[in-house]
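Written below as structure tokens is the structure these notes are about.
The values are calculated or read from the model by the stated rules, or taken from the named source; none is laboratory data. Small disclaimer: the values here were computed from a predicted structure and weren't measured. Don't worry about glycine lacking a Cβ; one is built from the backbone with ideal geometry, like all the others, and counts go over all protein chains shown. Surface accessibility is based on the protein's heavy atoms, side chains included, excluding ligands, DNA and RNA. Shrake-Rupley method; radii C 1.70, N 1.55, O 1.52, S 1.80 Å.
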Amino acid sequence: MSSFKVIACGRQLFLPHARGRALSSSGHTILMGRLKGSLSAFSRLQSNMSAWVIDEYGNNGVLRFTEEATAPSISSGDDVLIRVHAASLNPIDIAMRAGYGSILLKLRRDLMSLGQNASEFPIILGRDVSGVVVDCGSGVTHFTPGDEVWAAVPPWKQGSLAELVSLSEYEVSHKPSSLSHTEAASVPYVASTALSALVNAGGLGRDNCADKRVLIIGASGGVGTFSIQLLKAWGAHVTVTCSHNAEGLVRGVGADDVVDYTAGDVAAELGRLEKFDVVLDNVGGGSEHWAPDLLKAWSGAKYVTLVTPLLANTDSMGLLEGGVRSGLALSQVAVKNMCNGVFYRWGFYAPDGPVLDDVSRLVDTGKILPVVEATFPFAQVPLAFQKLEGGHARGKTVISVNQEAQEGMAGTEGVEENTSEAGGDGAKELN
Ligand SMILES: NC(=O)c1ccc[n+]([C@@H]2O[C@H](COP(=O)([O-])OP(=O)(O)OC[C@H]3O[C@@H](n4cnc5c(N)ncnc54)[C@H](OP(=O)(O)O)[C@@H]3O)[C@@H](O)[C@H]2O)c1
């Protein structure tokens, strides 16, 4: 298998070829207003903000930049208002842009607003934030204005492709001090998802991994590169599948065994290896038929897939029928697998600030590195969506929202190319 060059620079892994690609196109000339970057300039009375919104579901064309999005405010005692410095994209942003999960998510939004909103639009996408607290509700005890924080924004809340985002205290965590905002924004959503899947569904944790063999199917993207590092920090043996040109990346973040799924029959290749305690499936589809056979039978082993039909079913069949059909499908497959001595489970993202506190410690002690493939300026959000939609992710795609504050620059008129984090002294080849 050929190797792939990965460079570790400071505390971040990046892929030089992808950075060049990401920055070469600049089809969007948006004269952004000066982002209101300083904490002192913040006022509870700020009613409008810059944001990328969608007013309908569709392709990239529905993304619209505005300086007049409604700014969130403190509306309950546990609210934390964050000025966004960086955000990142996840596959769910592409899916939500096209309407994925709209029925279930609208129900959740309506419950939050007690049914006051007739329409869910305009929606702000973006599920990761790294930024600075600008205001807190009266009951907030862990954060004060000026704190640097990171968080995963639940899909039913307005997202982070905006100047400001409002979250509950429970969803927020102090950002690792060793990371820049751009680096930090690459972590929360994939970390919350991976931890929820591996801990809640997979039964793994820092104290029981030493003798565990874990297989990650689809390890070269956001969830995979984070999961490898987490499992290695916990002492597990980690086998992964990925394309041949991602081998350097996944080995660079700690994978023990790597199987190239493009080289032939991946199920047969994996079947020649010792059996696994847990399989985390980031790809789904056909793999859910053969991957449970790779588990140690009658030993509590678990197959956990992140690719579930729940939201797609409620979109196409409605809440009731979609929910019931999904439940039936899950229980049928779970029973079938139980008869073969293994557990079959669905994994989901779950908002959890305290979990991010643990991740923050792992980052600050050097056990987990952010893996940023490409960084886009805020003005080029549509290009970032285009990049992610092209597939073949190698880590995360990040958006620098408040470049002025991050770089200590005097102004932010117009579009700027993102040149942060690239190269520099001390870069080290891992493979
Ligand atoms: N249930 C939930 O709450 C939840 C939450 C987060 C994410 N997810 C889902 O989890 C999946 C992974 O998320 P992510 O953020 O890691 O996505 P991502 O960053 O887009 O990464 C996906 C990776 O899988 C690789 N890949 C594609 N086909 C493959 C195959 N057959 N075998 C092995 N690798 C393959 C891709 O590279 P190549 O194509 O170059 O091989 C890419 O590196 C997505 O489907 C996402 O929607 C679910």
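Some points to look at:
- Residue count for the stretch 230-278, restricted to those that are within 21 Å of S196 (Cα to Cα) and charged (D, E, K, R): 2.
- Each residue in the stretch 102-128 was checked for being assigned to a loop (DSSP other than H, G, I, E, B), at pLDDT below 90 and not hydrophobic (A, V, I, L, M, F, W, C), and 5 pass.
- When every residue of the stretch 367-386 is checked against the conditions, none turns out to be within 16 Å of the ligand (Cβ to nearest atom), at pLDDT below 95 and surrounded by 14 or more Cβ atoms within 10 Å (Cβ to Cβ).
- Checking the stated criteria, V355 turns out to be modelled with pLDDT of 95 or more and closer than 20 Å to P188 by Cα.
- Residue check for S186: open to solvent by less than 10 Å² (accessible area, probe 1.4 Å) and touching a His at 6+ places or on another chain (Cβ under 6 Å): no
- Of the residues making up the stretch 343-359, those that are open to solvent by less than 10 Å² (accessible area, probe 1.4 Å) and over 16 Å from S88 (Cβ atoms) are G347, G353.
- Sole residue being more than 16 Å from the ligand (Cβ to nearest atom) and closer than 21 Å to A86 by Cα, chosen from D357, D352: D357
- Members of the stretch 315-334 found to be open to solvent by 30 Å² or more (accessible area, probe 1.4 Å) and in contact with a strand residue (DSSP E or B) (Cβ under 9 Å, 6 or more places away or on another chain), listed by number: L330, V333
- Of all the criteria given as (1) outside any loop (DSSP other than H, G, I, E, B); (2) open to solvent by 10 Å² or more (accessible area, probe 1.4 Å); (3) touching a Lys or Arg at 6+ places or on another chain (Cβ under 9 Å), the one not satisfied by G131 is (2).
- Scan the stretch 250-291 for residues that are on the phi > 0 side of the Ramachandran plot and open to solvent by less than 40 Å² (accessible area, probe 1.4 Å) and the total you get is 2.
- The stretch 293-339, residues that are of a type in the set (S, T, N, Q), at pLDDT below 95 and either over 21 Å from N200 (Cα atoms) or assigned to a loop (DSSP other than H, G, I, E, B) (or both): T308, N313, T314, S316
- Qualifying residue in the stretch 62-76 (condition: closer than 28 Å to M317 by Cα, at pLDDT 95 or above and open to solvent by less than 10 Å² (accessible area, probe 1.4 Å)): no
Condition check ((1) in contact (Cβ under 8 Å) with a residue 60 or more places away in the chain; (2) surrounded by fewer than 24 Cβ atoms within 10 Å (Cβ to Cβ); (3) more than 14 Å from the ligand (Cβ to nearest atom); (4) closer than 17 Å to K367 by Cβ) across all residues:
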{"residue": "S166", "(1), (2), (3), (4)": "yes, yes, yes, no"}
{"residue": "H181", "(1), (2), (3), (4)": "yes, no, yes, no"}
{"residue": "L204", "(1), (2), (3), (4)": "yes, no, yes, yes"}
{"residue": "L215", "(1), (2), (3), (4)": "yes, no, no, no"}
{"residue": "G221", "(1), (2), (3), (4)": "yes, no, no, no"}
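- Cβ-Cβ contacts under 6 Å between residues 6 or more apart (or on different chains), taken from a first residue in the stretch 274-302 that is under 19 Å from L330 (Cβ atoms) to a second residue that is assigned to a loop (DSSP other than H, G, I, E, B) and within 16 Å of the ligand (Cβ to nearest atom), are listed as V278/G202; N282/G218; N282/L306; V283/G218; G284/V307; K302/G202.
- For the stretch 292-314, the candidate set comprises residues that are open to solvent by 50 Å² or more (accessible area, probe 1.4 Å) and charged (D, E, K, R); within that set, the residue that is farthest from the ligand (Cβ to nearest atom) is K296.
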